[in-house]
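The values are calculated or read from the model by the stated rules, or taken from the named source; none is laboratory data. What you see is a predicted model; the values in this text were computed from it and never measured. Cβ placement follows ideal geometry from the backbone for every residue including glycine, while neighbour counts extend to all protein chains displayed. Heavy atoms of the whole protein, side chains included, go into the accessibility calculation; ligands, DNA and RNA do not. Shrake-Rupley method; radii C 1.70, N 1.55, O 1.52, S 1.80 Å.
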Amino acid sequence: MTEANDVIRLLIPAKPEFVSVARLACSGAASRMGYTFDAIEDIKVAVSEACTNAVSHGYGKKGTGNIQIDLECGSSGMAITILHNGESFDAGHVLKNLKPIDASAELDKVSEGGLGLFLINALMDQVTISTECGVAVRMIKFLNGDGVGRIANKVSTTE
Amino acid sequence: MNISIKRKDQGDHRFLVAVSGEIDVFTAPELQKGLLPLTEIRGGTLILDLNETRYMDSTALGVIVAALKSASRHQCSFSVTGMTPRIQRLFEITGLMELLKRVQTSRGVAND
């Protein structure tokens, strides 16, 4: 993603009812770029998960704020950055504990949440999380990517 | 973006809940409200039909896990049907498919 990119920037209120707006905008851009149906669906889920995290955790204690969504469209693919200036989190700790549901665990011990970042990691080709000011999740989907399958350690953090 | 939740009473404490539309952080609470009370019917059967569900993400998966847990506590049989290949993929990636299968197997319930 080093070539000159076309950029789309979207600012939405960090409220549940606007997450679908971000999802549809990214879906439109991805469709325009020629992604496959499955890749577009992956992008929609990843964008929604990042926005949902921003809505649910980002501004919980600070009232309301905005989420900025930057789409960089290049010939090799699309980089999407979801940014909010609300509450940060210990990305290193969270990323170390990304895992799917443990189907062998006792049912009462199975968590109902925490799958958002796991899904982002599984569905996108490259993910970087920066928590220096709020949270910025930057994720890349390559145009020739082969989708799910390489779940291990794609996510990294920056200080 | 909305969802529509249709509830069908098939008699004998057996309910089918069909969801159409998109389930995300905005609409998942509505699904939770429509689904959870039906998991509390002791000895009942609840089937979630996702045939008309066009989109879902982890917020929907969370509601399904909550329903599964509540159903188990109340000895209610809970199953999911009509998954599109796309939704099936999300279930498989997250391990939810395996969990649903395990719970159904351990209960000895046929997934009809």
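Computed quantities for the displayed model
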item	result
Neighbours by Cβ (under 9 Å, 6+ apart or cross-chain): first from the stretch A:121-135, within 14 Å of chain B (Cβ to nearest Cβ); second of a type in the set (D, E, K, R) and part of a loop (DSSP other than H, G, I, E, B)	A:N121/A:K154; A:A122/A:R150; A:A122/A:K154; A:M124/A:K154
Every residue from the stretch B:70-86 that is open to solvent by 20 Å² or more (accessible area, probe 1.4 Å) and within 11 Å of the chain's Cα centre (by Cα)	B:T81, B:G82, B:M83
Filtered residues of the stretch A:1-25 (kept if in a loop (DSSP other than H, G, I, E, B), surrounded by 15 or more Cβ atoms within 10 Å (Cβ to Cβ) and charged (D, E, K, R))	A:K15
Residue in the stretch A:62-75 that is within 13 Å of another protein chain (Cβ to nearest Cβ) and modelled with pLDDT of 85 or more present	yes
Answer residue from the stretch B:87-98, given it is open to solvent by less than 30 Å² (accessible area, probe 1.4 Å) and over 11 Å from A:I101 (Cβ atoms) and is farthest from the other protein chains (Cβ to nearest Cβ) among those	B:I87
Filtered residue count, the stretch B:29-67, keeping only those that are open to solvent by 20 Å² or more (accessible area, probe 1.4 Å), closer than 18 Å to A:E17 by Cβ and among the charged types (D, E, K, R)	3
Residues within the stretch B:1-25 that are buried (at least 20 other Cβ atoms within 10 Å of the Cβ) and of a type outside the set (D, E, K, R), tallied	5
Residue among A:A91, A:A54 that alone is in contact with a Ser or Thr (Cβ under 6 Å, 6 or more places away or on another chain) and farther than 15 Å from A:A25 by Cα	A:A91
Top-ranked residue in the stretch A:99-117 [being more than 7 Å from chain B (Cβ to nearest Cβ) and not in a loop (DSSP other than H, G, I, E, B); ranked as surrounded by the most Cβ atoms within 10 Å (Cβ to Cβ)]	A:L117
Any hit, the stretch B:14-27, residues being part of a helix (DSSP H, G or I), within 14 Å of chain A (Cβ to nearest Cβ) and out of contact with any helix residue (DSSP H, G or I) (no Cβ under 6 Å at 6 or more places or on another chain)	no
Test: residue in the stretch A:87-98 that is open to solvent by less than 60 Å² (accessible area, probe 1.4 Å), at pLDDT 95 or above and within 14 Å of chain B (Cβ to nearest Cβ)	no
Matching residues, the stretch B:40-86, being of a type in the set (S, T, N, Q), more than 10 Å from chain A (Cβ to nearest Cβ) and within 15 Å of B:D24 (Cα to Cα)	B:T53
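Per-residue answers, yes or no, for (1) buried (at least 23 other Cβ atoms within 10 Å of the Cβ); (2) within 16 Å of A:T128 (Cβ to Cβ); (3) more than 18 Å from the chain's Cα centre (by Cα):
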| residue | (1), (2), (3) |
| --- | --- |
| A:S27 | no, no, no |
| A:A30 | yes, no, no |
| A:T36 | no, no, yes |
| A:I40 | no, no, no |
| A:A46 | yes, yes, no |
| A:H57 | no, no, no |
| A:T64 | no, no, yes |
